[in-house]
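Notes to accompany the following structure.
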Amino acid sequence: MELAAKYNAAEVEDRWYAYWLDHKFFHSEPNEKEPYTIVIPPPNVTGILHMGHVLNNTLNDVLIRNARMHGKNACWVPGTDHASIATESKVVAKLKAMGISKEDIGREEFLKHAWEWKEEHGGIILQQLRKLGCSCDWDRTRFTMEPALSEAVINTFVHFYRKGWIYKGVRMVNWDPEALTAVSDDEVIHKDTQSHFYHLRYYISDGNGNPTDQFLVIATTRPETIMADAAICVNPNDERHHWLRGKKVLIPLINREIPVIEDDYVEMDFGTGCLKVTPAHDVHDYEIGLRHNLPVLEIIDDHGKLNENAQILVGEDRFVARKKIVKMLEEAGNLVKVEDYTSPVGYSERTNAVIEPKLSAQWFLKMDTLAKVALETVESGRTKFIPERYVNTYRHWMENAHDWCISRQLWWGQRIPAYYLPNGQYVVEATPEAALEAARAICPDIKAEDLRQDEDVLDTWFSSWLWPISVFDPDMPGHPDHKPNKDLSYYYPTSDLVTGPDIIFFWVARMIMAGEEFMGREPFSNVYFTGIVRDKIGRKMSKTLGNSPNPLDLIETYGADAVRIGMLLCSSAGNDIFYDEAQIKQGAAFCNKIWNSYRLVKGFSVDDSVAQTPAAAAAIRWFDAKLSETVAAVEDHYRKFRISDALMAIYKLFWDDYCAWYLEAIKPAFGQPVDRATYDATLGYFEALLKLIHPVMPFITEELWQNMEDRKDGETIMYAAAPAAKPYDPDTLVNFELAEEAVNGVRGIRNQKNIAPKETLDLKIKGGFPADVLSVIEKMGNVKVETVADFGSGQGVGFMVRTHEMFVALNGLVNVAEEIAKLEKDLAYQQKFLAGVRGKLANERFVANAPAAVIENERKKEADSLSKIESLESQLKALKNS
RNA sequence: GAGGGCUUAGCUCAGUUGGUUUAGAGCGCUUGCUUGACAGGCAAGAGGUCGGCAGUUCAAAUCUGCCAGUCCUCACCA
């Protein structure tokens, strides 16, 4: 087959992906081999591929393909997450555009729309992953809301409820009075907002609900909430306010009596040091209320209007009420002063409405035991974090874990299996049938229609924390007494998890908890945290900035291999990635390099009667060792998850060592054939290199590997054994490096003196240089080498390769004054260096304390330096005499 | 405000428990090459007092303290 001068990725990639799929190469079933398992961090079902996914999934694929080639039974389980908030808001937006609100159509109808949306847009991202070359076991694709996994979630809820770890509690949520829903903390944007600080006078009560002459002053930004006050709070250490102990005060305008309490929460030097405590409408006040057993009185309704409890201004919007009440307070003589004040106020990300803290009943899962166990998993090293520093973050969170609020006021998700009886009692059961039975134990004549299921659904993470278990055996999480099925016993615990540090608590920590709870052991051995993909100048990729490229466009332009390598080139673990298209271009250039080196090798004509040249023999000896050295290094990098280092080692082995040195050294003269032994070795190395590169660049390597020989249908590089490191003689490497340095020296001189590479030069080398690489120097440097005892008196330029002296004869081309100046500069440097080394050696304390090896090294430096100085001096002498 | 991370060449980063580091790589940059695989290429070269100050040590990019800059997580102050 004729090979084009340029590699055409687009033409190649779809073909091989289809081939891999046809032969089910990605599919894994339990067998006698060692498993290597990864579960995908499930992307949102309606999401589309962005650069973060590209990075994450490329890393996953590299690990999976590498494991596969190392003889493991590799299984990468793909799937998607139902992402309740994100998906529901998309569906709500779609319906809104059609003039429909979800309340109008009701839960059942809404869910129909949501499933339609999921069928239409769901899984696009999984298709996109195929373009990237991901070798996921598509037969195992899962969705967190598919029936079996939903059942697992419900069973899990029942499991923890029976254990007494799930309870119903009241919590302050972020209420959006426009959208009429609670929103998560992440969806609240705090903005500094201009407002006022109102100083209000509260009179001390005489004990009968009548004001005395005494008063205190509080400062508030929300005067419209005074009717919900439950106490006035001061700091116990604040002597200014000790006289208030045991007193009661009267709320202005409505004259309700409330106590004065003391709590450390109050800052003495902020405001007046007196805080009005409004448990129903402020998070901190709610907590103070809990500590002091204060009553909770709500005066603001779901729409942000004052209700009956307020007694005054009933029905007014909270902001209108604020204006009006200020006036009323002023008229009543309770307003002391008004200050301008800027404070952070929470706004809803979606409606931009000011968030109203609101109490509501939520379901919680106790974290104490789960967190303790999960912390131990990581501290003991059964699960390792890469980079390790994330253990600190993890520990800090686990030691301060709050109970997990698992209910969400949404419809898209697993509905909480709590069923309320008409009398307000409730039962928790996996199915409505079981619930009815349980309810009858309480109320014998109750009917199914009397039971009302909880309206809320479960937090999405309450399903994704089961992912490493439920994808293999959905029955397992709800029934921890059951024996794991064949898949789960084989694939669990999974090997590595690749994810972003932003979900270390949401997801990673909770998977560890669930793993320990249901399987009694960690869900994965290693967690590799990637960084965040940013643009060239460090901004996060975002739709609004428009700085995020579409990965599919990049794949189309440069090829998936180029995109993969481009992302890996700049990604060390845990560091943010500064994405630059130039790196992908570099990846494309690498593809082209591989392609063209193959064209060269394939273009050789082979002649069995031709003898191998000494240079080719030397190059083969060297490359054999070099390959082993690099394979060992690459394996070490992989073991330590230094993926970009592994890639760079391979990149340099291919480009610098194989192409720039090896191929040039064995390349026959123009028009000449190559001998059989050299040709076979060269193709063998090429194949080894393809295998080494394959995990990173699956497509081009398959294309060339298939082209190398007439492969049978069903053969693939995917399952070829990775090259193994063999023992080698380090001297082989050192000797070739000496030759390289000698050639570099000659090339440097050519450059300086403007001598064409074609012009053959004479190179004199003083004795002791390894003889087996001289032929390489001759070929690569285009020189005639002569080993001599003395350079004699000819004109030329000398240089040193480590401790070996070399001399290029150059008649008539040497500028004596220039050479002398250069040599003198070198000499001065060497003398200074020598003085440094000798200073160290003359230091008694150094000689007394340093290890012998270090001292030995300093002596070697001294000797090397001395020999260089000697050489420089003799060259100078020769030049000056010429 | 609390905690954590980072700071090494123009850019992005290595530097593996202080001594073969006389600090490296890739990209970029400069110079020279229509060298018959590749100009998406070849060759050579310049470029860093390892953020600052102080300390520990015979020895510090590496350990300690303080300072500066930067980023992240959490909390956001009535």
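The values are calculated or read from the model by the stated rules, or taken from the named source; none is laboratory data. All of these numbers come straight from a predicted model, not from anything done at the bench. So basically every Cβ, Gly included, is an ideal-geometry build from the backbone, and we count neighbours across all protein chains shown. For the accessible areas, the whole protein counts, side chains as well, though only heavy atoms, and no ligand, DNA or RNA atoms are used. Shrake-Rupley method; radii C 1.70, N 1.55, O 1.52, S 1.80 Å.
Residue A:454: net charge of surrounding residues, Cβ under 14 Å, Lys/Arg +1, Asp/Glu -1, itself excluded?
After counting each charged neighbour, the total is +1.
Work out the length of the dipole vector of chain A about its Cα centre, built from +1 on the beta-carbon of each Lys and Arg and -1 on the beta-carbon of each Asp and Glu, and round it to the nearest 20 debye.
Roughly 1940 debye for chain A.
Provide the net charge surrounding residue A:260, with neighbours chosen by a C-beta distance below 12 Å and charges set as Lys +1, Arg +1, Asp -1, Glu -1.
Its environment carries a net charge of -1.
In segment A:658-721, if the dipole is taken from +1 on Lys/Arg beta carbons and -1 on Asp/Glu beta carbons about the Cα centre, which of A:672, A:719, A:708 is farthest to the positive end?
Farthest towards the positive end: A:672.
Where in segment A:3-44 are there trypsin sites (Lys or Arg not before Pro) that are in a DSSP coil and have at most 15 other Cβ atoms within 10 angstrom of their Cβ? Mind showing how you got there, number by number?
On the way: sites: A:6, A:15, A:24, A:33; in loops: A:6, A:24, A:33.
Listed in order of number, the matching sites are A:6, A:24, A:33.
Rg and Dmax of chain A, using alpha carbons, in Å: what are they?
Every Cα atom of chain A included, Rg and Dmax give 37.7, 121 Å.
Label-point separation (nm) for residue A:290 and residue A:437, each offset 7 Å from Cα along Cα-to-Cβ?
Label-label distance for residue A:290 and residue A:437, simple model: 3.7 nm.
Using the Karplus curve 6.51 cos²θ - 1.76 cosθ + 1.60 with θ = phi - 60°, what ³J(HN,Hα) values do you get for each residue of segment A:857-864, in whole Hz, with x for Gly and Pro?
The phi angles translate into 5, 5, 5, 5, 4, 4, 5, 4 Hz.
Rounded to the nearest 0.05, what FRET efficiency do residue A:486 and residue A:191 give with R0 = 51 Å and r taken as the Cβ-Cβ distance? Could you check?
Details: r = 55 Å, r/R0 = 1.07.
Calculated value: 0.40.
Kindly provide the trypsin sites (Lys or Arg not before Pro) of segment A:617-669 that DSSP labels as loop, not H, G, I, E or B, and whose Cβ sees at most 15 other Cβ atoms within 10 Å.
Hits after loop and neighbour filter: A:640.
Taking 32 Å as the cut-off for C-alpha to C-alpha distance, list the pairs among A:131/A:652; A:832/A:880; A:248/A:366 that go past it.
Those over the limit are A:248/A:366.
Picking from A:591, A:575, A:611, whose Cα lies most toward the positive end of the charge dipole for segment A:567-616 (charges on Cβ: Lys, Arg +1; Asp, Glu -1)?
A:611
Between segment A:745-791 and segment A:17-54, what's the alpha-carbon centroid distance in Å?
53 Å
So what is the relative contact order of chain A, in percent, for Cα pairs below 8 Å that sit 6 or more residues apart? Before the final figure, lay out each step's value.
On the way: 1483 pairs, mean separation 108.4, N = 882.
It rounds to 12 percent for chain A.
Which whole-Hz ³J(HN,Hα) couplings does segment A:150-165 yield from phi under the Karplus relation 6.51 cos²θ - 1.76 cosθ + 1.60, θ = phi - 60°, glycine and proline marked x?
In residue order, the calculated couplings are 5, 4, 4, 5, 5, 4, 5, 4, 4, 4, 6, 5, 5, 6, x, 9 Hz.
Less than 16 Å apart at the alpha-carbon level, and either on another chain or at least 8 residues along: which lysines does that give for residue A:602?
Straight-line reach from residue A:602, under 16 Å: A:6, A:593, A:667.
If you average the sequence gap of Cα pairs under 8 Å that are 6 or more apart and divide by the length of segment A:730-882, what percent do you get for the contact order?
Once normalised by length, the contact order is 21 percent.
If the chain between residue A:829 and residue A:124 were fully stretched, how many nm would it gain, using 0.36 nm times the residue separation less the Cα-Cα distance?
That pair, residue A:829 and residue A:124, stretches by 247.4 nm at full extension.
On a C-alpha basis, how far is the centre of segment A:344-358 from the centre of segment A:69-111 in Å? Whole number, if you could?
Computed from Cα coordinates, the inter-centre distance equals 25 Å.
Quantify, in whole percent, the carbon and sulfur part of the accessible surface of chain A (1.4 Å probe; protein heavy atoms only).
After summing per-atom areas, the C and S share lands at 50 percent.
Suppose R0 equals 22 Å; then what is the FRET efficiency for residue A:366 and residue A:265 from their Cβ-Cβ distance, rounded to the nearest 0.05?
0.35
Just to confirm my numbers, what's the Cα centroid distance between segment A:270-296 and segment A:621-683 in Å?
71 Å
Helix A:643-652 versus the longest principal axis of chain A: what is the Cα-based angle in degrees, 0 to 90, to the nearest 10?
Helix A:643-652 and the main axis of chain A meet at about 20 degrees.
Add -39500 (n - 2.57) for each DSSP H run of 4 or more in chain A, then divide by its residues: what number comes out at 222 nm, to the nearest 500 deg cm²/dmol?
-14000 deg cm²/dmol
Sort A:803, A:58 from largest to smallest accessible area, using a 1.4 Å probe on the heavy atoms of the protein chains.
Accessible-area ranking of A:803, A:58, largest first: A:803, A:58.
For segment A:430-491, which trypsin sites (Lys or Arg not before Pro) are both in a DSSP coil and crowded by at most 11 other Cβ atoms within 10 Å?
Numbers: sites: A:440, A:447, A:452, A:486; in loops: A:447.
Qualifying residues, ordered by number: A:447.
Could you check the simple spin-label distance between residue A:672 and residue A:18, using points 7 Å along Cα→Cβ, in nm with one decimal?
Between residue A:672 and residue A:18, the label points sit 4.6 nm apart.
Tell me the label-point distance for the pair residue A:450, residue A:379, using the 7 Å Cα-to-Cβ offset, in nm and rounded to one decimal.
Taking the two extended label points, one gets 5.1 nm.
What share of Cα pairs, in percent, lie more than 24 angstrom apart in segment A:456-594?
Tail of P(r) above 24 Å: 49 percent of Cα pairs.
Taking K and R as +1 and D and E as -1, what net charge do the other residues with C-beta under 13 Å from the C-beta of residue A:870 add up to?
-2
As I understand it, the dipole of chain A uses +1 on the Cβ of Lys and Arg and -1 on the Cβ of Asp and Glu, about the Cα centre. Which of A:332, A:492, A:179 lies farthest toward its positive end?
Positive-end residue among those listed: A:492.
Assuming R0 = 35 Å, can you tell me the calculated FRET efficiency for the pair residue A:850 and residue A:788, based on Cβ-Cβ distance, to the nearest 0.05?
Numbers: r = 39 Å, r/R0 = 1.13.
Between residue A:850 and residue A:788 the formula returns 0.35.
Kindly work out what percent of the DSSP beta bridges joining two residues of chain A are antiparallel, to the nearest 5. Don't skip to the end; give the middle numbers.
Working: 66 of 95 bridges.
If we restrict to bridges inside chain A, about 70 percent are antiparallel.
Using 20 Å as the Cα-Cα cut-off, could you pick out the over-long pairs in A:840/A:877; A:766/A:877; A:94/A:118; A:191/A:536; A:247/A:276?
The pairs that break the limit, which is 20 Å between Cα atoms, are A:840/A:877; A:191/A:536.
For chain A, find the longest principal axis of its Cα atoms and tell me its angle to the long axis of helix A:318-332, 0 to 90°, nearest 10.
Helix A:318-332 sits at roughly 50 degrees to that axis.
Tilt of helix A:816-842 relative to the longest C-alpha principal axis of chain A, in degrees (0 to 90, nearest 10)?
Once rounded, the angle reads 60 degrees.
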